[in-house]
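The values are calculated or read from the model by the stated rules, or taken from the named source; none is laboratory data. Keep in mind that what you see is a predicted model, and the values were worked out from it rather than measured. Backbone-built Cβ (ideal geometry, glycine too); neighbour counts: all protein chains shown.
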């Protein structure tokens, strides 16, 4: 039944945008809510992981070609070691002292030595290195067990990630199809071949069968297995033929297979689909030979603009980098953009990151300077600052900032990666709890709301970085990690590199993480990857932790085939140890910089973090070709010789061997050796400028890399410049008023692995250029007319513009209203009886302004007298069915029967409600509807001419499929078509989402993009609508609803699948301030506007204290402001200030009872005014009473405009 679902000083031309604020992988194990979860599995046949041994241990079992090939290779090339994959009986990987391959500092080769490959090219490129490699291949083809003709270069895994490093990586292709996961790789450092290896190759001589069953037969087998498909299921891959490695079992041998005949390959039909609106992405594989189901698994990896974002749970105001602009283009890394004047806004649909928020749409407008301040907000989930739309949430701002920053970090290391330059969508505030995930099928990262003991995952920095890490894993050039344990380490380490915190996702839980039986001691995240912060205080291995503690999983499996999140601890802890225990100066900036370099530069060639063998005891090693040990050590090498060690090999070995995932047989494994002399550490000087920083350095040699962040010295840095020849660097991607942190490294040209230690981290805050401000404008005047207030002032010498500021109350605070080059300004579009206070400043730029002029206060012409009247009210306690309501459809909206009308269900007041849904209180509405119900019959509600402050209020609760079904409001004027009421017209209790446009015609026409009340809210909430604003939106005018017949449509839209309880309405009311006419014109006397009382003042008869909820207070007003004792009633302008809750205020005679109508209604914290005629007490006391209908305190200010006798 339920669905499964701030402040920039800039140059005159600049503005700042601020934000204060493969398989799918989850941050924690998915809960398996889908019915398909119970059917998910991976066949043992496709679990053909390598079983590794040093060549010396299995030499006797190898074929002569492999054995003799190794002997010859070793004799020719010196000190090399090798590991054999027992399943294939061939080389898994070999490494050693280096074989000259192409010119580099590791050898004496010149371009002449490779002339046959270089041809007419002036420099080496990937094609040249491939040619050299293919010429070398026949020497090692027998060792690898491959025919060179079957090898096709994989450009994603191959390349030149650093000046000293080349990877040449081939797919293995049979019959036109690549074998999944099978590869042959050559790693070249400093010109020398230092590693060569293979993974997942079928054993030599094993035939690969041809496909025998058709795609249709395979699909039928899958359909039978899962119980059929429905129209709501969506295929991402409707059937593709693949080759996958498979086990070849043989019980005659202790290993369970014969060495050299333990792996083959088979064709499979692959299907990828989504079931209904579930978030899972299912991949199924059917053997194309036998028709056997081999796999069903969920491939999801779970887990200046300025505004409020969160760092390790602490809110902070930060620039919004690379944000979209309505005027075209994007902000820069610091949120800066050139503002040419006029209106500008942003929707966080940025250059590299797009936000889609389940709470609603996002659009934040800039101020007259162009500054777009998304702001900060208290609360969680759908809480907003009250500006920028319903989707301007903590989660939206946090994700936009952090995902942009981590992509920027990665681009600094991997500038050639295409995916890093593309837009990534982050879906936030999904109406589920306790997880987040990366979807490789849709290429999105996805975050859930709070609940169930879990925080909102989109508001947690490390969860954001973790899920992004899964995305990078899928797009780093070599596809996603081959097992889920490695994938989870990839996500966790991506987060740790940015935060320098071992607690991944602090704030995800209310208590410390359980750690699969070895509890965390100080981490409320999902995992703590520092074993010293676990109860056991013991480094974890596959045998002391994975075997006894990790649960089994049918599909989400790590290297040891246990549950992947749990298995990831072993490899994640090794990486944490490397930085924080084993490198010199553990935990220092130098240590983190080293780790970051080794990590990013090895991404395109790394596969499984380590290899694991299970049994009564579990064993592990890092001897597999793509292991983190092998690949990071290859990147670390500085001289083209692995046999003599690498600069950080001892630290890598200590960290990885502590967890038993190093390759102990590698020569030089535990030896730290530098084959080069590091340059001296640079000395850095930072000089702040206007939206720029000058970074200069001295005291070193070589070329230079420059790093920056805006968090602190103990956080991850972004490399903003690479291989600079000389100082200085002018960094223009910074914003005034924000603090930035820098460090610089030096290295010999072409040898990044020989870099110096980073310079001492320093901070700097850019500042505007100094200026001599102009004088303040003199002779400032403000004059009110009917609908505007005209301002004028004298010109100021030297000023290039004037900045007008407005306040609702005298003395401020002021907000920028306009920027003008002239000496007059008209504040237009005002209502009658509006009072505003103004100051004006002369300016030469946005950052160079005079002090305020004198303040001027003015009011528009007084409104005609009016009194608030209730024009419609229904609490549904009487009547039956639709009562006085009528129904209809919008566009092709289907039937209207689900508008049931009055039902006895849980109500806000009384026992009845008005219902969209089924005949019972817990019954579900039907699919595919777009219809409405309207109060007061087909004619609607007549709003008397001249009326103003027209309001609709109602209470409601709901149960809709989130994002796809929902309720909305619409208005029709004088029988015209309905227009959806925009969010901007709702004063309180606004829409919480936007309805999806759906796919395949599932959503009724016209519904997509409609703002709505969607999802589930089981408690009654009051919504108050400014009907005048809604009428103006419908008519395109400015006259409000007065003099018109207004139909109010409560609309409901549902798509083709998944239903819920519907919409429950109560206490619907329409009010308006209707003009009142004195008995004769002589009865009314105008007064100069004068303040009668103000509860914000010191306590007294006409001052404080603040009004208390539902407590009336009497004020004596005759004899004040010229009100005579003969006055019978007053024309007042009543203003509400700082209400602590939504509600209303009533003003009435001092000897009268509480009336049924209100004088003014308002939302939480709203500043609002209304004119009203209030009678004085009939007993001659000259008193009126004021009573707030609120649950919180409220200040009330009353100005008298005239009186009646």
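Annotations
- Qualifying residue in the stretch 224-243 (condition: modelled with pLDDT of 95 or more, in a loop (DSSP other than H, G, I, E, B), surrounded by 16 or more Cβ atoms within 10 Å (Cβ to Cβ) and not assigned by TED's automatic domain parsing to the domain that holds residue 133): no
- Hey, residue 953 closer than 27 Å to residue 1074 by Cβ and touching a helix residue (DSSP H, G or I) at 6+ places or on another chain (Cβ under 9 Å) or not: no
- Matching residues, the stretch 130-152, being in contact with a helix residue (DSSP H, G or I) (Cβ under 6 Å, 6 or more places away or on another chain) and under 23 Å from residue 104 (Cα atoms): 131, 132, 137
- Residue tally, condition more than 44 Å from the chain's Cα centre (by Cα), crowded, with 19+ Cβ neighbours inside 10 Å and more than 17 Å from residue 853 (Cβ to Cβ), over the stretch 766-808: 1
- Residue match in the stretch 638-651 (condition: surrounded by fewer than 24 Cβ atoms within 10 Å (Cβ to Cβ), in contact with a helix residue (DSSP H, G or I) (Cβ under 7 Å, 6 or more places away or on another chain) and not in a helix (DSSP H, G or I)): yes
- Any hit, the stretch 1067-1079, residues being exposed (fewer than 14 other Cβ atoms within 10 Å of the Cβ) and more than 48 Å from the chain's Cα centre (by Cα): yes
Residues checked against (1) in a helix (DSSP H, G or I); (2) within 30 Å of residue 475 (Cα to Cα):
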| residue | (1), (2) |
| --- | --- |
| 50 | no, yes |
| 128 | yes, yes |
| 137 | yes, yes |
| 142 | yes, no |
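- Pick from the stretch 251-287, criterion within 19 Å of residue 556 (Cβ to Cβ) and assigned to a strand (DSSP E or B), ranking: modelled with the lowest pLDDT: 274
- Qualifying residues in the stretch 323-358 (those that are in a loop (DSSP other than H, G, I, E, B) and touching a helix residue (DSSP H, G or I) at 6+ places or on another chain (Cβ under 8 Å)) - the one modelled with the lowest pLDDT: 333
- Verdict on residue 796 being assigned to a loop (DSSP other than H, G, I, E, B) and within 30 Å of residue 830 (Cα to Cα): yes
- Candidates 984, 996, 990, filtered to the one that is touching a helix residue (DSSP H, G or I) at 6+ places or on another chain (Cβ under 9 Å), assigned by TED's automatic domain parsing to the domain that holds residue 1042, outside any strand (DSSP E or B) and buried (at least 20 other Cβ atoms within 10 Å of the Cβ): 990
- Some residue of the stretch 180-190 being assigned to a loop (DSSP other than H, G, I, E, B), surrounded by 17 or more Cβ atoms within 10 Å (Cβ to Cβ), assigned by TED's automatic domain parsing to the domain that holds residue 69 and under 39 Å from the mean Cα position of the chain (by Cα): no
- Selection of the stretch 750-765 for residues being closer than 23 Å to residue 848 by Cα and either surrounded by fewer than 17 Cβ atoms within 10 Å (Cβ to Cβ) or modelled with pLDDT under 95 (or both) yields only 765.
- Of the residues making up the stretch 856-880, those that are under 30 Å from residue 1172 (Cα atoms) and assigned to a loop (DSSP other than H, G, I, E, B) number 8.
Residue-by-condition table, conditions (1) assigned to a loop (DSSP other than H, G, I, E, B); (2) surrounded by fewer than 15 Cβ atoms within 10 Å (Cβ to Cβ); (3) more than 49 Å from the chain's Cα centre (by Cα):
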residue: 1111; (1), (2), (3): yes, yes, no
residue: 1123; (1), (2), (3): yes, no, yes
residue: 1126; (1), (2), (3): yes, yes, yes
residue: 1135; (1), (2), (3): no, no, no
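- Hey, residue 657 surrounded by fewer than 24 Cβ atoms within 10 Å (Cβ to Cβ) and either part of a strand (DSSP E or B) or at pLDDT 95 or above (or both) or not: yes
- All conditions in (1) on the phi > 0 side of the Ramachandran plot; (2) crowded, with 19+ Cβ neighbours inside 10 Å hold for residue 1180, with the sole exception of (2).
- Any hit, the stretch 533-540, residues being in contact with a helix residue (DSSP H, G or I) (Cβ under 9 Å, 6 or more places away or on another chain), within 28 Å of residue 44 (Cα to Cα) and at pLDDT 95 or above: yes
- When every residue of the stretch 514-522 is checked against the conditions, at least one turns out to be surrounded by fewer than 20 Cβ atoms within 10 Å (Cβ to Cβ), part of a helix (DSSP H, G or I) and more than 31 Å from the chain's Cα centre (by Cα).
- Scope the stretch 870-892; condition over 18 Å from residue 915 (Cβ atoms) and modelled with pLDDT of 90 or more; matching residues: 870, 871, 872, 873
- On inspection, residue 122 does not qualify as modelled with pLDDT of 95 or more and either in contact with a helix residue (DSSP H, G or I) (Cβ under 8 Å, 6 or more places away or on another chain) or assigned to a loop (DSSP other than H, G, I, E, B) (or both).
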